[in-house]
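I have placed the structure first, in the form of structure tokens, so that the comments after it can refer back to it.
The values are calculated or read from the model by the stated rules, or taken from the named source; none is laboratory data. A quick note: this is a predicted structure, and the numbers were derived from the prediction, not measured. The protein model used for the area step is the full one, side chains on, heavy atoms only, and it has no ligands, DNA or RNA in it. Shrake-Rupley method; radii C 1.70, N 1.55, O 1.52, S 1.80 Å.
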Amino acid sequence: MTGIKWADCHDPDGRVHGLPTFPWRLAPDGLATRRQLRALGLRPGGQDIAGQVLRPRRRRDPLTAFLYRVDRAKPVRPMTPAKTAALDRANAARRTCPACRRDAGYVIPVSLGMCVPCAYPEAS
């Protein structure tokens, strides 16, 4: 699919791509991406993909975003206390330095594998 042109992105009947396809930012009303649904407090809720938007790029495959019907979307599930606690523990683990076992106050960079003072002790 490399080398797709802007005009190839308009296929509202789905004859070429198998799904109704629209150019980037030109999806019809009533269809939204996952991020757009999330901004509205919704989720796809198990529905099938209703279409896609394509954004052509040079020498690479186009960017693709799937579209879902807004009228079939369901509300986002509320955060439970157990989920909140699990998320807090996971984030704390990402902030804890494995070398000094202190909370760094930021997410430890994967490239360093430890907090900055432990990675560069001569700088402090």
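Here are the numbers:
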| item | result |
| --- | --- |
| Most mobile of LEU112, LEU87, LEU31 in a GNM of the chain (Cα contacts under 10 Å) | LEU112 |
| Where ARG15, ARG69 fall by accessible area, highest first, once all protein chains stay in place (1.4 Å) | ARG15, ARG69 |
| Overall form of the chain per C-alpha gyration tensor (a/c, 1.5; a/b vs b/c) | oblate |
| Most fluctuating residue given options VAL76, VAL53, VAL16, as computed from a GNM of the chain linking Cα atoms under 10 Å | VAL16 |
| Principal-axis tilt of helix 81-95 within the chain, Cα atoms, nearest 10 degrees | 60 |
| Residue-normalised accessible area of the chain, expressed per residue, 1.4 Å probe, Å² | 73 |
